[in-house]
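So the structure is just underneath, and the comments pick up after that.
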Amino acid sequence: MKFIVYGLNHTTAPVEVREKYALEQDRVLEVLRGLKPQASEGVFLSTCNRVEFYLTTETVDRTIEDTHKTLSSIHKLKPADIKKYFYLYEDSEAFFHLFRVASSLDSMVLGEAQILGQVKDAYEGSKEAGMTGTLLNGIFARAFAAAKKVRSQTDIARMPTNVSSVAVDLAKKIFSSLKEHKVLLLGAGDMSELTAKYLVDSGVSGFYVANRTLDKAKTLAAKLGGKPMTMEEGIKKMAEVDIILTSVGGGFTLKRDDVEKLIKSRNGRSLFIIDIGVPRNVDPEVGKLESVYLYNIDNLSAIANENKGERQKAVEVAESILREEVDQLCSWLLSLELVPTITRLRNSYETIRQNELQDFLKQFPNLPEKEKKAIERLTRDITLKVLHEPTVNLKKVEDKVDRFEFARMLREIFSLKDQHDTEGKS
Amino acid sequence: MINIFYAVTTFFYAVGSWFSFRYYKTFEPFNEKKAFQWLLMGFLAQAITLADQWVSTGFAPLDRIDGILMILSFSLAGTLIFGRAKASVPILVSLFLPFIFLLSAIGFATDINSVPFMDAHLMTPVMVAHIFMTFFGFSNFTVGFGVGVAFWIQEGQLKQHQMKSWSYRLPALEILDGLTVFHVGVGFLFWGLGLVLGTVQAYQVWNQLPLFDPKIFGSLLVLIIYALFFILRWALGMRGKKTMTLVMIGYFLALFTFLGVRLFLTTQHTF
């Protein structure tokens, strides 16, 4: 039995191709069912950046052919037109690819969090429809565990890579939970809206929008669930809040003296000022004041870019973790494959021995019981000795993937395949 | 003869330290959780070790170096467990547990038949309480110092707009600040009580108050510095590096008073 990944993603196919393969869940299951009996188990993942089949099959070429036929019929395309966008991975390469996808190493935005949920949903959908069995259940369980390990042990997803997320993360590094802190937005421009939204979504205890034009403040406050006010009211509110987000045009500047007076009334509470206005709204000297943390748009962008670099650096570590996990998965598969193969081989020989012995004894019905037993012992010893060397050698093969292949070959050579499948299904 | 309880304690701390190092390598919460569990078990085993020695000898094992190291590791472990009730800072247990193990291991390896440096008749309940309180106070200052250093680093990173990957693993300034105040506050209380009890003991033994003994003088100075820390925070609303500097100064002075005085100055204290 082979495990394959067959699909396309943002690196192999443009969006106009990818969007054609986006399927609804009902349709997905229909497609997977259509691939039976070639593919005994299957999961289909469809996101905006990838379309992938995860299948277990004995006949790779035929399964791929069937996949193309099914997709072509759905999308009314010629198989030849779509083949060039697809890639195929088998066994250990396929495991590694799945692990990379689940860990967000294969995503367009490295380390993004959504992909793991999407892979889980795809798997759950197939599982509920009875499209997964021992192999895919085990493989996906390990993929999820590997992804969790990568996220917790590397910097792949730890550090935010967009300016708004960086601002929220910084706020959390100053105040821990934002639930007891209030935010004041000075200037209701488009620039600040996204960052304000991120802060509000983090559960701040109060959100105020101050703007020169009150109507604009009202619109934004209504949109984000805040309280609108005039600029003058906003300036007064500064003593009360812990996070100030500024994006005011027209020469508005918060001077060091203003903030110095302000922090005296705050009894040492920290103040986080995010100045995303261009030109800047806050005098850089303000950042030198005790317990004041001032960040402008360049500071935030620099951190976001540095974090992107850190994520890139984490790929190598993450991949080494995944390789270990793939090895463990291969070991698990071996435990499924190797031991039963040896057992089946022994059973096969034993059946041959029994049959031959019965035929022989039929030719000599008057043979004394003692001699019958001696012949029986002789044939059993011969069988055991013949099987001893291959069994020992099979266990000696160090490379786990090779052992897996070895076991597969053994099943092929001795025609153990059908028997294995029958047992596996029972 | 090997003290089996002491051996078990050291073993527990060793396993906890192993998980601490694993935590540094992986930053997986599982490892920190395990480290804390082993710390807890080590603490309980150490409590039994102490009780056993106390019962078998009739007085707390404070007259020998192994006993002193045991009390020090015991109070540090207790401080970490106690501090966790205030705030869970995963990196803290993993930072201090190897030191606790080291103290316990050195104590365990020290010859328990070594000559006592204190007369048994001095081991009155007041003396025992004085030592325990001072050690617990010092342990809290130590953890408070560790948290203060973390605050110092984190604050520096935030001020300079440089968030490195390890900065994301450090807790928020608010948590670090609160925890520093907590440990310094608890330390202040116990250090102060230890000083009062030590004074009572000194008066009982010598019928006078050796105020100019460097240990007592240093201890008073430590209390003054930490009192200043609280006054600046609460009365003047000062925060950040300036007040953390006082935590550092207070701790180095406490460290000198605790360990350095015997090495460099003359004191009536036996350790």
- Task: Report the calculated FRET efficiency for A:GLU180 and B:ASN207 (r = Cβ-Cβ distance, R0 = 41 Å), to the nearest 0.05.
- Result: 0.15
- Between A:GLN312 and A:LYS172, what length comes free when the chain is fully extended (0.36 nm per residue of separation minus the Cα-Cα distance, one decimal in nm)? 48.0 nm
- Could you compute the FRET efficiency for A:THR383 and A:ASP327, with r as their C-beta to C-beta distance and R0 at 45 Å, rounded to 0.05? 0.85
- Message: Residue by residue through B:155-165, how many Cβ atoms from other chains fall within 10 Å of the Cβ on average?
- Response: 6
- Here the gain from full extension of A:THR134 to A:THR343, 0.36 nm per residue of separation minus their alpha-carbon distance, amounts to 73.3 nm
- Taking alpha-carbon centroids only, segment A:90-130 lies from segment A:306-376 a number of Å equal to 30
- Message: Defining a contact as two alpha carbons under 8 Å apart and six or more residues distant in sequence, what relative contact order in percent does segment B:124-271 show?
- Response: 31
- Note on the structure: Out of A:SER40, A:ILE74, A:LEU110 - ranked by how far each Cα lies towards the positive end of the dipole of segment A:2-153, with unit charges on the beta-carbon of charged residues - the top one is A:LEU110
- Message: Could you sort A:GLU90, A:GLU310, A:GLU316, B:GLU32 by their accessible area in this structure, using a 1.4 Å probe and putting the largest first?
- Response: A:GLU316, A:GLU90, A:GLU310, B:GLU32
- Per 5 angstrom bin, beginning at 0 and ending with the bin that holds the maximum distance, the Cα pairs of segment A:2-153 fall in percents of 2, 10, 21, 24, 23, 14, 6, 1, 0
- By how many degrees, between 0 and 90 and to the nearest 10, does the Cα long axis of helix A:114-128 differ from the longest principal axis of chain A? 40
- Note on the structure: Longest principal axis of chain A (C-alpha) makes with the long axis of helix A:60-75 (C-alpha) an angle, in degrees to the nearest 10, of 50
- Item | Positive minus negative residues near A:GLY249 (Lys, Arg vs Asp, Glu; Cβ under 15 Å) | 0
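Taking the Cα centre of the protein assembly as shown as origin, work out the dipole magnitude from +1 charges on Lys and Arg Cβ and -1 charges on Asp and Glu Cβ, in debye rounded to 20.
The calculated dipole for the protein assembly as shown is roughly 840 debye.
Taking every eigenvalue of the Cα gyration tensor of the protein assembly as shown, multiplying by 5 and rooting it, what semi-axes result, largest first, whole Å?
62, 46, 15
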- With all protein chains in place and a 1.4 Å probe, A:CYS48 shows an accessible area in Å² (nearest 10) of 100
- Summing -39500 (n - 2.57) over every DSSP H run of at least 4 in chain B, dividing by its residue total and rounding to the nearest 500, the 222 nm mean residue ellipticity is -26000 deg cm²/dmol
- Task: Towards the positive end of the charge dipole of segment A:163-304, with charges on Cβ (+1 Lys, Arg; -1 Asp, Glu), say which of A:LEU289, A:VAL200, A:VAL163 has the farthest Cα.
- Result: A:VAL200
- Angle, helix A:91-102 long axis vs. longest principal axis of chain A, Cα atoms, 0 to 90°, nearest 10? 20
- Task: Could I have the simple spin-label model distance between A:PHE144 and A:LEU361, label points 7 Å from Cα toward Cβ, reported in nm to one decimal?
- Result: 5.3
- Query: Which residues of segment B:216-258 end up with at least 50 Å² less accessible area in the presence of all protein chains than when their chain stands alone, using a 1.4 Å probe?
  - Reply: B:ARG239
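Give the carbon-plus-sulfur fraction of the accessible surface of the protein assembly as shown in %, rounded to a whole number; probe 1.4 Å, heavy atoms of protein chains only. The partial results should precede the final answer.
Numbers: 19770 of 33040 Å².
Carbon and sulfur together cover 60 percent of it.
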- Note on the structure: Chains A and B: accessible area buried, summed over both chains, 1.4 Å probe, nearest 100 Å², reads 2400
- Task: Could you provide, to the nearest whole Å², the per residue accessible area of the protein assembly as shown with probe 1.4 Å?
- Result: 47
- P(r) weight above 25 Å for chain B, C-alpha pairs, percent: 48
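The values are calculated or read from the model by the stated rules, or taken from the named source; none is laboratory data. This structure is a prediction, so every number in the text was calculated from the model and none was measured. For neighbour counting, all protein chains shown are included, and Cβ atoms are generated from backbone atoms with ideal geometry for every residue, glycine included. What goes into the accessible areas is simple: the full protein's heavy atoms, side chains included, and nothing from ligands, DNA or RNA. Shrake-Rupley method; radii C 1.70, N 1.55, O 1.52, S 1.80 Å.
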